[in-house]
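This report concerns only the one structure given below.
Please treat every number below as a calculation from the coordinates, not as lab data. For clarity, every value in this text was computed on a predicted model and none was experimentally measured. In this analysis, Cβ positions are derived from the backbone assuming ideal geometry, glycine residues included, and neighbour counts consider all displayed protein chains.
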Amino acid sequence: MKQSENPWLKIPIVDYVGHMSDSHVLQYQMLNTIFKHAYHIKQPNNLLIIGVSDGNGLEHIPKQMTTKTIALDINPEYIKIARRRFQKVLPQCDFVCEDVENYKFPLDHFDMVHAALIFEYVEYPEIITKIAQSLTVGGVLSTVIQMENENISKISKTIYKSLQNLESIMKIVDIDEFRTCAAKNGLLNVRSEIIEPCGGKSFYFGIFERI
């Protein structure tokens, strides 16, 4: 797929936040809480966030603890808003508009990579390899993955119709296969949790440590 054709580029931020915050979805709130939890588990010095959207969760990063944060998103509107919200309070944060599949991961650099609801939209084995190589020894990947439920639409139905375009590119990730892929890349699954925010959907929250 050409990047210009990616449905993520056609979803206004008001639609994204409205949809994810909807009382029948509550995933915006869930992702905020999970990031806060994951961040305080690791307290990284160098951090990469893949899919930062409007900066959801960045308020949980204390300036004095993290030397450098890279906030990455494919949508330029999302990055613009995140930068406007946080560049003054988080001067150590770089806001980067880039497709994760094209991002040049530095080697042995990050203490933590956070990727929530990302692997459903990419060829994840290749991305896992790049993430593993970019982590320091003892560094972690924290992730949120939507789990299979054949009785519920992959994309929740709300008034924000632009989100429905994601159905064409979203692939449910098999959690066991994901863990196997991570293990092959030297990432040990050290924490797992199933979360059910609303609407019958279940999400896997996992932390994988580079060994």
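Values as computed for the structure displayed
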{"quantity": "Options GLN133, PRO76, ILE211, ranked by Cα towards positive dipole end of the chain, top entry (Cβ charges)", "calculated": "PRO76"}
{"quantity": "Residues whose placed amide H lies under 5 Å from that of GLY139, excluding near-sequence neighbours", "calculated": "ARG210"}
{"quantity": "Cross-link reach list, aspartates and glutamates versus LYS154, counting only Cα pairs under 13 Å and skipping chain neighbours closer than eight places", "calculated": "GLU120, GLU167"}
{"quantity": "Within the chain, helix-based [θ] at 222 nm, where runs of 4 or more DSSP H residues each add -39,500 (n - 2.57), nearest 500", "calculated": "-8500 deg cm²/dmol"}
{"quantity": "For ILE211, ILE81, order by how many other beta-carbon atoms lie within 10 Å, fewest first", "calculated": "ILE211, ILE81"}
{"quantity": "Percent antiparallel among DSSP beta bridges (both partners in the chain, rounded to 5)", "calculated": "45"}
{"quantity": "Set of lysines near LYS184 by C-alpha distance (under 27 Å), chain-local residues within fewer than 8 positions excluded", "calculated": "LYS42, LYS104, LYS130, LYS171"}
{"quantity": "Percent of Cα pairs exceeding the 29 Å cut-off, where the set is the chain", "calculated": "19"}
{"quantity": "Size of the stretch 37-111 as Cα extents on the principal axes (Å, biggest first)", "calculated": "29, 28, 21"}
{"quantity": "HIS19, HIS37 arranged by Cβ crowding within 10 Å, fewest neighbours leading", "calculated": "HIS37, HIS19"}
{"quantity": "Cα gyration tensor shape for the stretch 115-178, rounded if a/c is under 1.5, else prolate or oblate", "calculated": "prolate"}
{"quantity": "GLU177 versus ASN165: modelled label distance in nm, points set 7 Å from Cα along the beta carbon direction", "calculated": "2.7"}
